[in-house]
Amino acid sequence: MMRTEIVNPVIGNFIESIRDIGYSFEVAVADLVDNSITAGSTDIAIHMVAHPELIFSMLDNGAGMSDKELVEAMRLATRNPKEIRSKHDLGRFGLGLKTASFSQARRLTVISKKNGSIASKMWDLDYISKEDKWLLITPEEISSIPFYEKLLALSSGTIVCWQLIDRCDRSSISSVINQVRKHLGLVFHRFLEGADRKAIKININNNSVQPFNPFNLNHPATQQLQLEKIKVYSSDVLVQPFILPHHSKLSQQEYEFYATEEGYVKSQGFYLYRGNRILIYGTWWGLHKTIDAHKLVRIKIDIPNNMDDLWGIDVKKSIARPAEAIKNDLRRIISRVTGIGAKPFTGRGRKIEDKSIIQFWEILPMNDDFRFAINERHPLFIDLLDTLNTQAREKLDIYLKGLQAYMPIDAIQFKLQHNPHQLKQQSALPDSDIEGLIKKLKGAGLPEPYINDLLKTEIFKDRKDLI
C-alpha cells in the first residue's frame, strides 16, 4: 500500500510567489473588466486616487452575486479550465480576479448585490500569511468602500476594491491611470464600439475611455485585404489583414495616434482576439522578422474561446502562441501581406534609380552589398570640378568621401520611424538659393545640352519655370 502524507505549502511564501506571475497594473485591471463583461455589465466605473491612501475601486452593473456565489468567486481556481463555457465568457482558469488583484494589492474586497441582498468578502494577504490558512473574511464595515452608495442604488452589480496597493508608486498615479485608459481602450475597443452587442461604457475617475481600433478602418487609404477562414480542429479561425496608410496620407496627429504606445515598428504583426477581446498584439510569434518596411502591416485573428489550450493562453490573457496546425497558413498569409505592405516604402525607395532624373545620390554595388554615393556625373558637380585647381579638387574629394562614409543612417532611420512628419530636409535648399544659382549660370552663357541636363536634375525637375 502506498504511504502518503499531507505536506501543505507555507502559505505566506506561496502568496508572494503567485503575486509575481507578471501582471502589469493595466493588465490586472483588464482581467477585472473581463469578469464584468462576462456578468453582462454595460456600465463600468473605475475610481483611483492616491490620497489619503492609494486605492482602486471598480463598480459594474452586471448580474451580481449571492453570498454563496461570491464565496465561490473568491475561491482560487474555482472553475476547471477545460470546462465548456458560454461563447461570451472571457474567463478560463477561475483565477483572474484573485491573481490580478493579489499582483497589485495586499487586500481585496468584493461587494456584490443580487436580488436586493448585499454580500461582501475580503482576502487580506497579511492576515492569511499570519494565520497560515486561507481564511476568507466577511468584513464588518463596507460603507466606506468607494462606490458603495452607488451600488445600493443599482438593481444589481459588483464592486471590486484594492487596498494596501504596493506595486504602484503613488507619485506616478497619473501615468498609471493614463496607461490603464489606453490599454482598456485598445483591448476592449470592440465592446466600447458595440460590436455584436450593446456598447459598454467604461469611465475612469469620471472620464470615459474611448475605443482605439488599431486598424484605422475609417481612413480611405487603409487597405483591408481578403478575409480568410481557416478550419482548425472543427473550429473556425478568421484572419483579416490590413495595411495602414503611409504617413504621407495622414496628418501628423493621426499618424502618431495610430502608432500606439510602442510605435509602428513594434506594433506590426498579429492582433489576436478571443471573444472580441484583444489578448496579444504587435507580434509575429517568431514566424517573421520585425522590419521597418512592414511597419504598416497589422493582421487581425479571431478565435473562439474553446481553443485556449491550442493557443497556449496564460492566466493573464496576455501571452498566446498559435497552434501548430495553423502556422503554415499564417506563414503563407504573412508572405502575401508583407509583400503588399512593403510597397509604400519600396516604391519610394526605387525613386533613386529613376533614370529620367539625374540624382544627387546613387547606389553603388559592392559584391553582395551596396553603398550610397555622390553622383559624380551630376552636371553641377562636373561644372564645379572644372573650376577647381588640383589641390582644391583633392580637398573636395576627401570631404565628399567622408560625407559618404559617415552618412547618419541610424539617425535617419530612427527619425523616419518615429517622427516622419517632422523631417523637413528639402527646406535646406530654399527657392532663393536656386534663383541665385540660375542668375549666375545664365550669366555664364550656358550651352543647350547643359541646360537640358540641368532640367533633369532633382533641383529643377519641379522648377523648370525658374530656368
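Every read-out reported here was derived from the displayed coordinates using simple, explicitly stated rules and does not represent laboratory data. From a predicted model like this one, the values you see are computed outputs, not experimental measurements. With ideal geometry, Cβ positions are generated from the backbone for all residues, glycine too; neighbour counts draw on all protein chains shown.
In this structure the amide hydrogen of G64, modeled in the peptide plane, comes within under 5 Å of the amide hydrogens of G157, none closer than 5 places in sequence on its chain.
Rg of the Cα atoms in segment 1-67, relative to 2.2 N^0.38 Å, amounts to 1.68. Dividing the convex hull volume of the alpha carbon atoms of segment 11-208 by its residue count gives 126 Å³ per residue.
Using R0 = 25 Å, the C-beta based FRET efficiency linking N218 and K198 works out to 0.70.
Which ordering of D132, D124 is given by a fewest-first count of other beta-carbon atoms within 10 Å? Before the final figure, lay out the partial values.
On the way: D132 12, D124 19.
Lowest count first: D132, D124.
Loop-located trypsin sites (Lys or Arg not before Pro) across segment 134-216 with a Cβ neighbour count of 10 or fewer within 10 Å are K198, with loop assigned by DSSP.
Exposed loop sites here mean GluC sites (Glu not before Pro) with a DSSP loop assignment and at most 15 other beta-carbon atoms within 10 Å; the chain contains its longest site-free run at 142-260. Comparing S57, I358, Y399 along the charge dipole axis of the chain, the residue lying farthest to the positive side is I358, per the Cβ-charge model.
Residue order for D368, D431, D67, fewest other beta carbons within 10 angstrom first, comes to D368, D431, D67. Our coupling estimate for segment 331-343, obtained by passing each phi through the Karplus curve with A = 6.51, B = -1.76, C = 1.60 and θ = phi - 60°, is 4, 5, 5, 4, 4, 5, 6, 5, x, 6, x, 7, 4 Hz, Gly and Pro reported as x.
For segment 366-406, trypsin sites (Lys or Arg not before Pro) meeting the loop criterion (DSSP other than H, G, I, E, B) and having at most 12 other Cβ atoms within 10 Å: R377. Within the same chain, aspartates and glutamates fewer than 8 places from K300 are excluded, and of the rest, those with a Cα less than 16 Å from its Cα are E228, D236, D329. Near the amide H of V49, within less than 5 Å, lie the amide hydrogens of I55, all on another chain or at least 5 residues away, with H placed in the peptide plane. Using R0 = 22 Å, the C-beta based FRET efficiency linking T4 and D309 works out to 0.15.
Using only the Cα atoms of segment 163-272, what semi-axes does the equivalent ellipsoid have when each is the square root of 5 times a gyration tensor eigenvalue? Give whole Å, largest first. Walk me through the numbers on the way to the answer.
On the way: eigenvalues 166, 84, 43 Å².
The answer is 29, 21, 15 Å, longest axis first.
For segment 109-125, putting each phi into the Karplus relation 6.51 cos²θ - 1.76 cosθ + 1.60 with θ = phi - 60° gives couplings of 10, 10, 10, 9, 10, 8, 6, x, 10, 9, 10, 9, 9, 9, 9, 10, 5 Hz, in residue order, rounded to whole numbers and with x for Gly and Pro.
Of the chymotrypsin sites (Phe, Trp or Tyr not before Pro) in segment 261-324, which ones lie in a loop per DSSP and count no more than 16 other C-beta atoms within 10 Å? Before the final figure, lay out the partial values.
Details: sites: Y264, F270, Y271, Y273, Y281, W284, W285, W311; in loops: W284, W285, W311.
Filter output for segment 261-324: W285.
Database remark: amide H of V232 closer than 5 angstrom to the amide H of V237 (H placed geometrically; neighbours at sequence offset of 5 or more, or on other chains; Pro and chain starts carry no H). Between the beta carbons of E324 and E254, assuming R0 = 41 Å, the FRET efficiency works out to 0.60 to the nearest 0.05.
Note the direction-averaged projected area, equal to a quarter of the hull surface, for the Cα convex hull of the chain, in nm². Display every interim value, and only then the final one.
On the way: hull surface 138.0 nm².
Reported value for the Cα convex hull: 34.5 nm².
Placing pseudo-labels 7 Å out from each Cα toward the beta carbon at Q391 and W361 gives an inter-label distance of 3.3 nm.
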